[in-house]
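Down below is the structure, laid out as structure tokens.
What follows draws every value from the coordinates through simple rules; no lab data is involved. Since we're looking at a predicted model, the values are computed, not measured. Using ideal geometry, Cβ is built from the backbone for each residue, glycine included, and neighbour counts are taken over all protein chains shown.
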Amino acid sequence: MILIEEIKRLKKEKNALILAHLYQSPEIQDIADIVGDSYFLSKKAMESESNLIVFCGVRFMAESAKILSPNKTILLPAKDARCPMADMAVVYKLQALKEDHPNAKVISYINTNLDIKAMSDVCVTSSSALKIMNNIKEDEIIFVPDRNLGEYIGEHFPNKKFILYDGFCPVHERVEESDIFELRTLYPTFEVLVHPECNKPVRLLADYIGSTSELITYSATSSADGFIVVTEEGVLHQMKAKSPNKKFIPLKNSMICPNMKMTTLQEVYNCLLNESNEVIIDEQSRLKALKALQNMHLLGDN
Ligand code: 13P
Ligand code: SF4
């Protein structure tokens, strides 16, 4: 396909790096240099020697890369791709929680906008949260915005008090137990893989809970020959590639994040050609949001 060849040519010519989240469409994952979960991509963007990064994902991911690497040019091909859960977190509500719990540490999911990161002590992702929490001394935690991920983390730290912001991912929240019961009857030997953005009744049906990359790794190493996959369908592409002899069944009620699917090959090409859709953050806002992301890597990498 000419478009794919042209993307490869431009990428080489400009020494650009293409990053893609695991929820991106298969054709986008296939042209990327690196495909991964939100923590891994954030780390790779920071470590990359390339000064031009095309971030195939949603805005908070590209913004996080820009905050950590202000001298790099970060392009977001789908300029309107946002995370509705990130948009649920608003300053005045978090401010009220902070005033009610002045001694609490504020932990925010990386799925947040700049203003919320600026009010946070540390960011986490699904793959790094438990490790980072082990390094947090405070007993009181405000977790924003995902109430499901916050509850899941809290279950691992029963001696800490978790105050949960009332946000959720619309794609994961609407999964119901009955969606899984039905498939388990059809595929009784298959294991159920669940992302922690799902609600508790759904998490209780899981054989394994983890971030996107953890679910993929688990599916490749487990002895099961099939899996019911309870997260955004983009992950099936890498699952199938890693384990071509295993079966992967998505829910009948499809789990598709419309924002993650906004990236197209044409936009990636345009972005590279024109160096358009650059993520611009004013220095004052960047510096305010920086500490929480730096702490994420400090506590998550060691
Ligand atoms: P992870 O890739 O960290 O599992 O996050 C999932 C997600 O919803 C990103 O928007
Ligand atoms: Fe946001 Fe959910 Fe889409 Fe991830 S899958 S970007 S949390 S809406």
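For a quick check, take a GNM of the chain with Cα springs below 10 Å and name the residue from Leu22, Leu193, Leu204 with the largest mean-square fluctuation. The residue that fluctuates most here is Leu204.
Protection proxy ranking for 150-156, 118-124, using the average of other Cβ atoms within 10 Å per residue and placing the highest first: 118-124, 150-156. In a Gaussian network model over the chain where Cα atoms closer than 10 Å are linked, find which of Thr212, Thr112, Thr73 has the largest mean-square fluctuation. With Cα springs under 10 Å in the chain, the top fluctuation among Thr212, Thr112, Thr73 is at Thr73.
Compute the Rg to Rh ratio over the stretch 158-251 from the alpha carbon atoms, using the Kirkwood formula for Rh, and round to two decimal places. For the stretch 158-251, the value is 0.99.
In this simple spin-label model, placing a label point 7 Å from the Cα along the Cα-to-Cβ direction at both Gln95 and Glu140 gives a separation of 2.0 nm. A compact globular protein would have a Cα radius of gyration near 2.2 N^0.38 Å; the ratio found for the chain is 0.99. If only the Cβ of Lys and Arg carry +1 and only the Cβ of Asp and Glu carry -1, the dipole of the chain around its Cα centre is close to 400 debye.
Placing unit charges on the Cβ atoms of the charged side chains and taking the dipole of the stretch 205-277 about its Cα centre, the candidate lying farthest along the positive direction among Tyr208, Thr264, Asn277 is Tyr208. If both residues of a DSSP beta bridge must be in the stretch 146-302, then about 0% of such bridges are antiparallel. How much length would be gained if the chain were fully extended between Glu176 and Thr189, taking 0.36 nm per residue of separation minus their Cα-Cα distance, in nm to one decimal? Extra length available between Glu176 and Thr189 comes to 2.7 nm.
The calculated FRET efficiency for Glu13 paired with Lys161, based on their beta-carbon distance and R0 = 41 Å, is about 0.15. Helical content alone sets the calculated 222 nm signal of the chain at -13000 deg cm²/dmol, taking -39,500 (n - 2.57) per DSSP H segment of four or more residues and averaging over every residue.
Among DSSP beta bridges lying fully in the chain, give the percent that are antiparallel, nearest 5. Roughly 5 percent of the beta bridges in the chain run antiparallel, per DSSP. Given the options Lys66, Lys14, Lys117, which has the most mean-square fluctuation in a GNM of the chain, springs set between C-alpha atoms less than 10 angstrom apart? In the Gaussian network model the winner is Lys14. Relative to the Cα centre, the charge distribution of the stretch 149-239, modelled as +1 at Lys and Arg Cβ and -1 at Asp and Glu Cβ, gives a dipole magnitude of about 320 debye. Summarising the label geometry, the points placed 7 Å from Cα in the beta-carbon direction at Ala220 and Gln284 lie 4.6 nm from one another.
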